[in-house]
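Everything on this sheet refers to the single structure shown next.
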Amino acid sequence: MAKQVVVVDHPLIQHKLTLMRQREQSTAGFRQLLREISLLLAYEVTRDLPLTTMEIKTPLQPMLAPVLAGKKLCFISILRAGNGLLDGMLDLCPSARVGHVGLYRDPETLAAVEYYFKVPQDLNERLVIVVDPMLATANSVNAALTRIKSAGAVNIKFVCLVAAPEGIATVSEAHPDVQVYTAAVDDCLNDHGYILPGLGDAGDRLYGTK
Ligand code: PRP
Ligand code: URA
């Protein structure tokens with residue numbers, strides 16, 4: 001496994017992911033589970049945020065208490081399915097800025113096609129956390145990362161839920177500076193670029209479009 005990849009194997013995440021994978025899981029259940037997992041992934045991806053101290057008074061005495069050192073956060077969701085991870089992350093970090101990159105995979109070539117791009121202007125001053133549940137061929141995340149870097153981002157992490165080994169190798173080579181967090185590394189891709197065993201099409205399952 002590439003050095004830059006963190007597999008978040010917390011038992012709660014693993015259990016919830018198994019419930020998500022099951023074909024009989026409802027749209028509502030899938031969405032709720034993804035939201036719950038995203039809170040746990042957010043906890044892990046923000047683990048290194050720097051702290052400073054501020055003087056406060058407890059009911060008993062003053063103290064120097066730890067607070068976040070003002071490292072500014074930006075979440076960037078790769079549409080559509082990224083939004084399923086975004087909501088839970090915003091619950092935990094409500095003042096983070098948010099960007100969106102709209103991409104879909106061409107079903108024939110599996111190339112990423114961009115249809116939307118909107119990110120905050122001061123990306124160079126922020127820790128940028130890009131979110132998308134699926135890392136398959138890595139065409140989507142690679143295209144998103146290239147765009148986000150040209151918009152100024154220099155400090156970037158990528159959070160997904162399920163990754164294929166092929167996708168991990170490809171994104172690690174194209175963007176070695178980006179740390180990748182995933183809850184699972186599955187077996188392989190099928191001939192249509194779907195992750196096996198995977199969970200199917202994340203966007204369709206999240207929004208009930210198939
Ligand atoms: C899915 C997923 C990723 C992409 C991963 O999106 O959410 O963005 O596929 O595949 P890749 O690593 O091979 O690029 P999809 O293109 O189905 O779009 P959607 O989220 O709008 O359904
Ligand atoms: N996109 C998905 O939503 N699922 C896969 O398995 C691969 C790409």
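The values are calculated or read from the model by the stated rules, or taken from the named source; none is laboratory data. Given the structure is predicted, the values throughout are model-derived calculations rather than measurements. Positions of Cβ are generated from backbone atoms using ideal geometry, with glycine treated the same way; all protein chains shown enter the neighbour counts. Quick note on the areas: whole protein, heavy atoms, side chains included, nothing else; ligands and nucleic acids left out. Shrake-Rupley method; radii C 1.70, N 1.55, O 1.52, S 1.80 Å.
Structure values in brief
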| item | result |
| --- | --- |
| 0 to 90° range, to nearest 10: angle between helix 139-150 axis and the chain longest Cα axis | 40 |
| With every protein chain in place, the chain: carbon and sulfur % of accessible area (1.4 Å) | 54 |
| Separation between Cα centres of region 88-115 and region 10-41, rounded to whole Å | 19 |
| Shape of region 1-60, Cα gyration tensor, a/c cut at 1.5 | oblate |
| For peptides 194-202, 130-138, 24-32, 83-91, sequence by mean Cβ density within 10 Å, most packed first | 130-138, 83-91, 194-202, 24-32 |
| Farthest toward positive dipole pole in the chain [+1 Lys/Arg, -1 Asp/Glu at C-beta], among Pro62, Val119, Ala42 | Pro62 |
| Order by protection proxy (mean Cβ within 10 Å, highest first), peptides 100-112, 54-66 | 100-112, 54-66 |
| Accessible area per residue in Å² at 1.4 Å probe, computed on the chain | 51 |
| Total charge dipole magnitude, the chain, about the Cα centre, Cβ charges on Lys, Arg, Asp, Glu only, Debye to nearest 20 | 580 |
| C-alpha center-to-center spacing [region 59-74, region 142-202] in angstrom | 34 |
| Among the listed pairs Lys16/Lys210; Lys16/Lys149; Lys118/Lys210, those beyond 30 Å (Cα-Cα) | Lys16/Lys149 |
| Cα long-axis angle, helix 82-92 against the chain (0 to 90 degrees, to the nearest 10) | 20 |
